[in-house]
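Worksheet for the structure shown next.
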Ligand code: ASP
């Protein structure tokens with residue numbers, strides 16, 4: 001096991017504008033990202049698999065009410081929660097995803113159960129929840145998923161819609177969590193989980209659970225987890241586009257990721273960013289908005305977290 005591991009995480013591109021962020025809020029976000037990095041690092045430093053590291057890191061992000069996934073998921077316009085998640089194993093392109101699910105404490109665990117316990121890649125509705133029960137996953141009631149900040153955000157969004165003053169503040173609209181990892185055996189994996197966009201219509205599915213849009217991993221190229229305007233990421237097949245540029249056009253991952261986020265995403269009016277790790281351990285975390293909660297750790301090095 002000569003190679004070194006790399007882990008990167010994100011807590012979404014929906015950051016508070018710098019001017020509105022207090023020092024204490026900033027410290028709280030950095031501390032949460034550091035806790036999550038430690039969870040994933042513990043897996044990788046014990047020679048664990050990239051797949052297990054991204055599962056553990058995303059589950060930890062889902063448990064943090066600060067981020068829009070799991071416990072901190074945003075509300076639909078009906079005041080409910082509909083969560084999306086996906087996971088992909090770079091060893092064999094095995095993948096699992098769920099969309100529009102409610103009540104499952106850790107949607108990433110359900111995505112992984114779909115990958116490991118069924119012949120399918122993506123599941124929704126009662127069928128997905130049946131897999132969760134079969135797998136013995138934890139369920140939570142509505143109170144667990146209630147956060148005052150998300151509720152207030154829904155109310156203000158609906159009010160702005162009614163008044164015709166809806167802005168495109170990414171801090172209100174965005175959020176998602178994700179992780180990408182390269183383990184010491186050279187395997188890549190990616191996982192992404194989200195509550196979606198505040199005040200989304202019931203039944204709306206974003207890019208996070210769509211393999212090749214918000215989530216992708218292949219040991220031959222890279223692992224990607226995205227965050228931002230889901231519709232734009234779907235239209236551009238963002239994660240697969242980065243893979244294709246590396247595989248077919250011979251681009252370096254950093255150049256492919258920059259071109260897709262800075263040029264292509266911006267050109268269609270999409271906002272957001274992504275984290276990606278290449279097969280050689282290179283790391284890129286481009287975004288075209290104010291910031292993206294993010295962090296990374298390399299084998300033997302101190303972890304780093306950033307927001308803007
Ligand atoms: N990409 C997510 C979605 O569209 C939301 C986000 O990352 O802000 O559901």
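The values are calculated or read from the model by the stated rules, or taken from the named source; none is laboratory data. Computed from a predicted model, the values in this text were never measured in an experiment. Don't worry about glycine lacking a Cβ; one is built from the backbone with ideal geometry, like all the others, and counts go over all protein chains shown.
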From the options 38, 19, 46, 8, residue that is within 16 Å of residue 292 (Cα to Cα) and more than 16 Å from the ligand (Cβ to nearest atom) = 19
Residue 243 within 9 Å of the ligand (Cβ to nearest atom) and touching a residue at least 24 places away in the same chain (Cβ under 8 Å) | no
(1) within 14 Å of the ligand (Cβ to nearest atom); (2) out of contact with any helix residue (DSSP H, G or I) (no Cβ under 8 Å at 6 or more places or on another chain); (3) at positive phi: which one isn't true of residue 196, the others all being true?
-> (2)
Residue tally, condition assigned to a loop (DSSP other than H, G, I, E, B) and out of contact with any strand residue (DSSP E or B) (no Cβ under 9 Å at 6 or more places or on another chain), over segment 108-126 | 1
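For (1) over 20 Å from residue 147 (Cα atoms); (2) modelled with pLDDT of 95 or more; (3) surrounded by fewer than 20 Cβ atoms within 10 Å (Cβ to Cβ), each residue gets a yes or a no:
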site	(1), (2), (3)
14	no, no, no
34	yes, yes, yes
66	no, no, no
86	yes, yes, no
Being at pLDDT below 95, under 27 Å from residue 21 (Cβ atoms) and within 14 Å of the ligand (Cβ to nearest atom), is that true of even one residue in segment 131-151?
-> yes
Among the candidates 180, 121, 114, which residue alone is within 16 Å of the ligand (Cβ to nearest atom), in contact with a helix residue (DSSP H, G or I) (Cβ under 8 Å, 6 or more places away or on another chain) and farther than 16 Å from residue 75 by Cα?
-> 180
Looking for whichever is more than 16 Å from residue 179 (Cα to Cα) and within 16 Å of the ligand (Cβ to nearest atom) here; the options are 289, 276, 301. Which one fits?
-> 289
When segment 266-308 is checked residue by residue, the ones that are over 17 Å from the mean Cα position of the chain (by Cα), free of Cβ contacts under 8 Å to residues at least 40 places away in the same chain and not in a loop (DSSP other than H, G, I, E, B) are 266, 267, 304
Might you check whether a residue that is closer than 22 Å to residue 280 by Cα, at pLDDT 95 or above and out of contact with any strand residue (DSSP E or B) (no Cβ under 8 Å at 6 or more places or on another chain) occurs anywhere in segment 202-214?
-> yes
Return yes or no: is residue 202 surrounded by fewer than 21 Cβ atoms within 10 Å (Cβ to Cβ), more than 19 Å from residue 13 (Cβ to Cβ) and more than 10 Å from the ligand (Cβ to nearest atom)?
-> yes
